[in-house]
Amino acid sequence: MNNQTIEASAATNIADATAPASNAQPRLPRPAPRKRRFGDRKEGRRLRTVYPMNKFMPFIMPTRADAQNYFTDEFDVTETDVFCKKMIADGYKDFSFLHIILAAYVRTVSQKPAINRFISGQRIYARNNIEVNMTIKKDMTESSPDTCISVYFEPDDTLIDIYEKFNQKVAEQKKNAELDSSFDKTAGALASLPRPILRGVVRLLNWMDYHGWLPKFLTDLSPFHGSMIITSMGSLGIKPIYHHIYNFGNLPIFFSYGIKRTVYRPKRDGSVEQRRLIDFKVVTDERICDGFYFASAFKMIRRLVEHPEALLQRPAAIYEDID
C-alpha cells in the first residue's frame, strides 16, 4: 500500500520509554491541507486508487450488516497492570486500561490508516480525523442514565494526551445532571414525533447520509459516525460480546473487551507462572481493507497494549492513506 509518510525529526525517532510523558514533546509536522474534490464528503475524502475488487465489494455487500467480520483474541496484561499502577502512583488519577486501549488504537491508525476508512454511498473514504465513540453512565446503577460521547484524537497523540482528552470529555459530560448529550436531545425530539412521520424522517436521513448531504452538526453529534466505537464489558463484570455495527452512519469497527482473568502457564524450566489476561472481541466492516491489513493492525494494537511504554512517546512518523 503506497501510504505517504510524514517523518519526525531525528531526535523524535529515538524512543525513550523512561523519559517522562510530557505534552511538551514537539508535534509531528502536518501534511498540507488537501483540496476538497468532487465526490469527497465532509468527514472524509474519497479513495480513488483502491483496487477494483475493493470498489466492487460495497455493491456486492451494500450494508455493514452484510460485511460484518467477527474477531476474538486476548491481551496478556500482566505487565500492563504494573504499568497502570505506576501511572496512578505518578499522579494520573483514574488512569485505566481503557486509556491504553485508546492510545494503542490511535497509534495504530497513525501507522496503518486504512483501518480508519469508512463506506458511505457504496464508496470508500479515508476519514479526516480520529473519532472514538463510547457510551458512559453517570453512576454504575441500573437506574442511572447513559449517553454516548465522541472524543477526537490526533495521530501523534501520546498516552498522556489521550488520557487528558478522554477524561476531560467524560468530566464535561458528567457535569450535566441528566447526562444528556446533544445527541440525546436530538433523539428525544425525533422520538416524540408520530411513528409514520418518524419512519419518514429516518428514511430521509438515511437517503441524505448515502449522498453525503447530512448537515455537519448531525454527523458531529451522531454516535453512528466515527472511526470506532468501544465498550468495556469489564466494567459490568462480564466477558466481552460481539456487538453489531450499524447500517446507519459509517462506523467500521466495534471493539468490546471484558473482565480480567487469571491463567497459569508452564515455563520452560517446568515451573508455573501466573498471567493476567483480558479477552476482546471486534466486529469490523470487511470492505474497508483486506484481512492481511486488519490482522497486522490487530497485532500492533495487541503489542502496544502489552508494552504501553512506547505510547508515552510520539510516533517516529505518521502515515496518510492512499490517494
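The values are calculated or read from the model by the stated rules, or taken from the named source; none is laboratory data. Because the structure is predicted, anything quoted here is derived from the model rather than measured. Note that we place each Cβ from the backbone using ideal geometry, even for glycine, and neighbour counts take in every protein chain shown. Each accessible area value is taken on the protein alone, full model and side chains, heavy atoms only, with ligands, DNA and RNA left out. Shrake-Rupley method; radii C 1.70, N 1.55, O 1.52, S 1.80 Å.
Among the criteria (1) buried (at least 21 other Cβ atoms within 10 Å of the Cβ); (2) β-branched (Val, Ile, Thr); (3) farther than 19 Å from Ile124 by Cβ, the one Val263 does not fulfil is (1). Applying the condition of being open to solvent by 40 Å² or more (accessible area, probe 1.4 Å) and part of a loop (DSSP other than H, G, I, E, B) to the stretch 308-323 and asking which residue is farthest from Cys84 (Cα to Cα) yields Asp323. Scanning the stretch 236-280 for residues being among the β-branched types (Val, Ile, Thr) and assigned to a strand (DSSP E or B) gives a total of 6.
Within the stretch 188-231, if we keep just the residues that are closer than 16 Å to Phe255 by Cβ and hydroxyl-bearing (Ser, Thr, Tyr), the residue that is least open to solvent (accessible area, probe 1.4 Å) turns out to be Ser227.
Return yes or no: is His307 in contact (Cβ under 8 Å) with a residue 40 or more places away in the chain and touching a Gly at 6+ places or on another chain (Cβ under 9 Å)? In short, no. Comparison of Phe83, Phe71 shows that the only residue that is surrounded by 15 or more Cβ atoms within 10 Å (Cβ to Cβ), farther than 27 Å from Phe248 by Cα and aromatic (Phe, Trp, Tyr) is Phe83.
For first residues located in the stretch 222-239 and without any contact (Cβ under 8 Å) to a residue 40 or more places away in the chain, partners that are of a type in the set (Phe, Trp, Tyr) and lie 6+ apart or on another chain with Cβ distances below 6 Å form the pairs Phe224/Tyr246; Phe224/Phe248.
With the requirement that a residue be under 17 Å from Lys216 (Cα atoms) and among the charged types (D, E, K, R), what does the stretch 28-45 give you? Those that are under 17 Å from Lys216 (Cα atoms) and among the charged types (D, E, K, R): Arg36, Asp40, Arg41, Lys42, Glu43, Arg45.
For the stretch 97-109, indicate whether the set of residues that are within 16 Å of Pro252 (Cβ to Cβ), in contact (Cβ under 8 Å) with a residue 12 or more places away in the chain and among the small types (Gly, Ala, Ser) is non-empty. Checked the stretch 97-109: no residue is within 16 Å of Pro252 (Cβ to Cβ), in contact (Cβ under 8 Å) with a residue 12 or more places away in the chain and among the small types (Gly, Ala, Ser).
Can you go through Pro58, Pro31 and tell me which one is surrounded by fewer than 18 Cβ atoms within 10 Å (Cβ to Cβ), over 20 Å from Ala295 (Cβ atoms) and either touching a helix residue (DSSP H, G or I) at 6+ places or on another chain (Cβ under 8 Å) or of a type outside the set (Phe, Trp, Tyr) (or both)?
So the residue among Pro58, Pro31 that is surrounded by fewer than 18 Cβ atoms within 10 Å (Cβ to Cβ), over 20 Å from Ala295 (Cβ atoms) and either touching a helix residue (DSSP H, G or I) at 6+ places or on another chain (Cβ under 8 Å) or of a type outside the set (Phe, Trp, Tyr) (or both) is Pro31.
For the residues Gly291, Gly234, Gly270, the requirement of being at pLDDT below 95, open to solvent by 10 Å² or more (accessible area, probe 1.4 Å) and in contact with a helix residue (DSSP H, G or I) (Cβ under 9 Å, 6 or more places away or on another chain) singles out Gly234. Taken over the stretch 57-101, residues that are of a type in the set (S, T, N, Q) and closer than 21 Å to His243 by Cα amount to 4.
The rows are residues; the columns are (1) at positive phi; (2) out of contact with any helix residue (DSSP H, G or I) (no Cβ under 9 Å at 6 or more places or on another chain).
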{"site": "Gly249", "(1), (2)": "yes, no"}
{"site": "Lys260", "(1), (2)": "no, no"}
{"site": "Arg265", "(1), (2)": "no, yes"}
{"site": "Asp285", "(1), (2)": "no, yes"}
{"site": "Leu311", "(1), (2)": "no, no"}
{"site": "Ala317", "(1), (2)": "no, no"}
{"site": "Asp323", "(1), (2)": "no, yes"}
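Any residue at all in the stretch 254-261 that's of a type outside the set (A, V, I, L, M, F, W, C), under 16 Å from Gln111 (Cα atoms) and either over 14 Å from the mean Cα position of the chain (by Cα) or at pLDDT 95 or above (or both)? No: the stretch 254-261 contains no residue that is of a type outside the set (A, V, I, L, M, F, W, C), under 16 Å from Gln111 (Cα atoms) and either over 14 Å from the mean Cα position of the chain (by Cα) or at pLDDT 95 or above (or both). Residues in the stretch 86-106 that are open to solvent by 20 Å² or more (accessible area, probe 1.4 Å) and either under 16 Å from Arg314 (Cα atoms) or part of a loop (DSSP other than H, G, I, E, B) (or both): Asp90, Gly91, Tyr92, Lys93, Asp94, Ser96.
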